[in-house]
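Everything on this sheet refers to the single structure shown next.
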Amino acid sequence: MTTVGPTDSPVAPVRLTRFAHGGGCACKIPPGELEAMVAGLLPRRDPGQAPDGGEGRLLVGLDDGDDAAVVLTGDGTALVSTADFFTPVVDDARDWGRIAAANALSDVYAMGGRPVVGLNLLGWPRDVLPAELAGEVLAGALEVAREARCLIGGGHSIDSPEPLYGMAVTGLVDPDRMLRNDAGRPGVPLTLTKPLGVGILNNRHKRTGEVFAHAVAGMAALNDRAAAAALEAGAVCATDVTGFGLLGHLHKLARASGVTAVVDASAVPVLDGARESLAAGYVSGGTLRNLDWVRPHLDAGRATGDQLHLLADAQTSGGLLVAGEVPGHPVVGELVPPVAGTTLVIR
């Protein structure tokens, strides 16, 4: 929890999550609504065709909802570009900055790239919250960016009704060794590199003020080593698990790849305390919307309601979901030949 003023000041602590209608990636626009918004920007542009007078070639764009855009420049350099921001997911300002930075950087890692420079994106209710708190958010983000060996080159800020923070990140990727969400093939296992349950614990934190240090540590952890291990293992297909939950992001991967994904619910790792918090009713609206979105494409088998809520749990700065085995991380399912009308099967 963040305090205003010196540590010996009697000023009451500030609960940042009280100033946000949602929390973290759970405040994303629901995936179905988002796809309807961008539908007018399709049909897909030929990846080899730049806009008139433009330069470069779009290797990965809007078509399949991948984690970042990838552009091949005229000199053969492949640039990864992404942006991500959200409302406070925790009450501590510095932790929020760390989590938001790790989340934004994750999009670059999910493409198999390495971040080079980030720009801060800050919205702040300047008449409500002190500027010192915003400085703590930025300091936390800088801490994680330095860990990622990523420069911070400034950014943009606005006076907004609720606090918002994130980053726009540019990175580099080898165009012959990318991780894409449309490259999955039948017969390949699925690996998850961070446990689920962050959304449930964050929802409990927002409603009660309880702090879950292990959830904060997981959200602030970079996905750089997981991405490097996936590439080393020969993976070509991956995504990261954030606001649309494991089922939402896996649905997009399976749909883009023309396969069906089978999930072994018992093999999916879950954070300590998440199941108990779920049983106590701490489920975010984002999680329920995720489940509603994938349900028409889902064969839930004998999965319980709690299992479905965990698998659809809206994550913030979650792990990588890799088509392939990644040493040190659990295999949670596999890709199989397409089943008509079904992208997801739970067993």
By residue number, the members of the stretch 266-300 that are over 23 Å from R347 (Cβ atoms) and among the charged types (D, E, K, R) are D272, E276, R289
Selection from the stretch 149-169 of residues farther than 18 Å from V89 by Cα and either surrounded by fewer than 21 Cβ atoms within 10 Å (Cβ to Cβ) or over 18 Å from the mean Cα position of the chain (by Cα) (or both) yields R149, C150, L151, I152, G153, G154, G155, H156, S157, I158, D159, A168
*Within the stretch 186-199, is there a residue that is surrounded by 20 or more Cβ atoms within 10 Å (Cβ to Cβ), more than 19 Å from the chain's Cα centre (by Cα), assigned by TED's automatic domain parsing to the domain that holds G318 and in a strand (DSSP E or B)?*
no
Taking the stretch 158-167 and keeping residues assigned to a strand (DSSP E or B), farther than 10 Å from A101 by Cα and out of contact with any Lys or Arg (no Cβ under 7 Å at 6 or more places or on another chain) leaves I158, L164
Residue count, the stretch 62-108, condition in a loop (DSSP other than H, G, I, E, B), surrounded by 18 or more Cβ atoms within 10 Å (Cβ to Cβ) and under 17 Å from the mean Cα position of the chain (by Cα), comes to 8
- Message: Take the conditions among the β-branched types (V, I, T), under 21 Å from the mean Cα position of the chain (by Cα) and not in a strand (DSSP E or B) and apply them to V322. Does it pass?
- Response: no
**Message:** Can you say whether G155 is at pLDDT 95 or above and not in a strand (DSSP E or B), as far as the supplied structure shows?
**Reply:** no
Restricting the stretch 109-145 to residues that are assigned to a helix (DSSP H, G or I) and not aliphatic (A, V, I, L, M), the one surrounded by the most Cβ atoms within 10 Å (Cβ to Cβ) turns out to be Y109
Scanning the stretch 267-292 for residues that are in a loop (DSSP other than H, G, I, E, B) and either out of contact with any Gly (no Cβ under 9 Å at 6 or more places or on another chain) or not β-branched (V, I, T) (or both) gives P269, L271, D272, G273, A280, G281, Y282, S284
Any hit, the stretch 317-331, residues being surrounded by fewer than 21 Cβ atoms within 10 Å (Cβ to Cβ), polar (S, T, N, Q) and at pLDDT 95 or above
no
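The values are calculated or read from the model by the stated rules, or taken from the named source; none is laboratory data. What you are looking at is a predicted structure, and each value in this text was computed from that prediction instead of being measured. All Cβ positions, even for glycine, are placed from backbone atoms using ideal geometry, and neighbour counts span all protein chains on display.
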